[in-house]
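The numbers here are math on the coordinates, done by the rules we state, and not lab data. These numbers come from a predicted model, not from an experiment. Cβ: placed from backbone, ideal geometry, glycine included. Neighbour counts: every protein chain shown.
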Amino acid sequence: MTFDAKYDALCGYTDVEIDHYFTPYLADWAQNNNGDVAVIREQLRDWYNGYRFGKKAIAVYNPFSLTNAMSQQELQNFWIQSGTPTFLIEELKKKYRASEYQLLNPEKFEVTNDTLGAFDIGMVPLPTLMFQTGYLTISSYDAEQNIYHLGYPNREVRTAAQNYLLAVFTSTNAAEIRGIAGQLRTAYANSDLDEALAILRTLFAKVPYPIHIPLESYYHSLLQMICTTANIKTQSEYNTSHGTIDLVMDLSKMLYVVEVKFNKTAQLALDQIKTKRYYEPFVDSGKPIILIGLNFSKTAGSFELTQVYQNLDLNKIS
């Protein structure tokens, strides 16, 4: 592996190359699907662009995913179809106990040039393995400290990575996670919150107690992971003038404002949403809004997830 600037864009397509070589294919895609070329172009950037291989490298697209999307004229997670390195998942299972909480937020990994170039499989740090297998890329470089900041390159990889990480934390296989995620999306899309609660209970009850972390942020991160895997558009830790919302779920016909608690009560979580008026930034969204309070409780012998929710009456907001 090299960080020579001459080869920054060798392993993928740049925006300039896509505009030069793929414009006819984009036009055909738009025509066949009654779409807009500009919209499809931006969606492709969101899904497949973002790999960087140097300090000031230009971002490139995953050629495998991009060409498949062009061929099928559909946005899909082709990353999962290309196969996942088994050894990476096995390494995650081996090493996650020592740094499980950090793995919930791999975009906060910081590494040096030497670390990124490590190649001894038995000694490679997990951030390096995730970089070398394409799950993380360089998001920025701190010249003063000579440190690379890593992050997910795009939507496609974020979804795939969080799918596999969630599988590790819940001792569930990745295929089952994808099935559960699909069920969860359907439940939320249909405003079936009792079904959504049952699905979340089934999933999070599988978290082994030895790797359980008694923090609200731990379950917040797991909830974010399953929503990402379910392809639910979310905003995590959304800042308002009154505080920070844990999670906003934005579906095509519904919007959810969610507050998460640990070892407290779901009612307390819901009351916080209402008292701090976390819903205010979304009242003009044109969508029905449901407020959800969730409380997670876990001990060595039991797990409990409770929920209370309320439909927001926009006519009564003063």
Next item on the list: May I ask you to sort V248, V257 by Cβ crowding, counting other Cβ atoms within 10 Å and putting the fewest first?
Entry: V248, V257
Check: What ranking do H20, H149, H212 get, fewest neighbouring Cβ atoms within 10 angstrom at the top?
Finding: H20, H149, H212
Next item on the list: Enumerate the amide H contacts of F303 below 5 Å, restricted to partners 5 or more residues apart or on another chain; note that Pro and chain-start residues carry no placed amide H.
Entry: none
Next item on the list: Note down the nm distance, to one decimal, between modelled labels 7 Å out along Cα→Cβ at K56 and at N33.
Entry: 3.6 nm
Checklist line | Given charges at beta-carbon only (K, R positive; D, E negative), |dipole| of the chain in Debye | finding: 700 debye
Item checked: Largest to smallest principal axis extent of the C-alpha atoms in region 14-66, angstrom -> 40, 19, 19
Next item on the list: Using θ = phi - 60° and the Karplus relation 6.51 cos²θ - 1.76 cosθ + 1.60, list the HN-Hα couplings for region 245-259 in order, rounded to whole Hz, with x at every Gly or Pro.
Entry: 7, 4, 7, 10, 10, 10, 9, 4, 10, 7, 10, 10, 10, 10, 10
Note to self: What do you get for the angle between helix 23-32 and the principal long axis of the chain? Use alpha-carbon atoms, 0 to 90 degrees, nearest ten.
What the structure shows: 40 degrees
Margin query: Taking R0 as 35 Å, what FRET efficiency do you get between D194 and D284 from their Cβ-Cβ distance, rounded to the nearest 0.05?
Written below: 0.75
Next item on the list: Take the alpha carbon gyration tensor of the chain, find the square roots of its eigenvalues, order them as a ≥ b ≥ c, and report rounded if a/c is under 1.5; if not, report prolate when a/b exceeds b/c, else oblate.
Entry: oblate
Margin query: Per DSSP helix of 4 or more residues, -39500 (n - 2.57); summed, then divided by the residues of the chain. What does that give at 222 nm, rounded to the nearest 500?
Written below: -13000 deg cm²/dmol
Note to self: Averaged across orientations, what area in nm² does the convex hull of the alpha carbons in region 86-155 project?
What the structure shows: 4.9 nm²
Check: Using the count of nearby Cβ atoms within 10 Å as a rough guide to exposure, how do L305, L294, L10, L268 rank from fewest to most?
Finding: L10, L268, L305, L294
Next item on the list: Taking amide H positions as placed in the peptide plane 1.01 Å from N, state which residues far from K261 in sequence (5 or more) or on other chains have amide H under 5 Å from it.
Entry: L294, N295, F296
Notebook entry, point to check: Hey, what angle do you get for helix 155-169 against the long axis of the chain, alpha-carbon based, 0 to 90 degrees rounded to 10?
Noted result: 60 degrees
Notebook entry, point to check: Based on DSSP, what percent of beta bridges with both residues in the chain are antiparallel, to the nearest 5?
Noted result: 80 percent
Check: S140's amide H: which non-local residues (gap 5+, or another chain) put their own amide H closer than 5 Å, with H modeled 1.01 Å from N in plane and none for Pro or chain starts?
Finding: H149
Next item on the list: For region 225-239, just list the computed ³J(HN,Hα) in residue order, Karplus coefficients 6.51, -1.76 and 1.60, θ = phi - 60°, integers in Hz, with x standing in for Gly and Pro.
Entry: 4, 5, 5, 5, 5, 7, 6, 8, 5, 10, 10, 9, 6, 7, 7
Margin query: Compute the angle between helix 174-189 and the longest alpha-carbon principal axis of the chain, please, reported from 0 to 90 degrees and rounded to the nearest 10.
Written below: 50 degrees
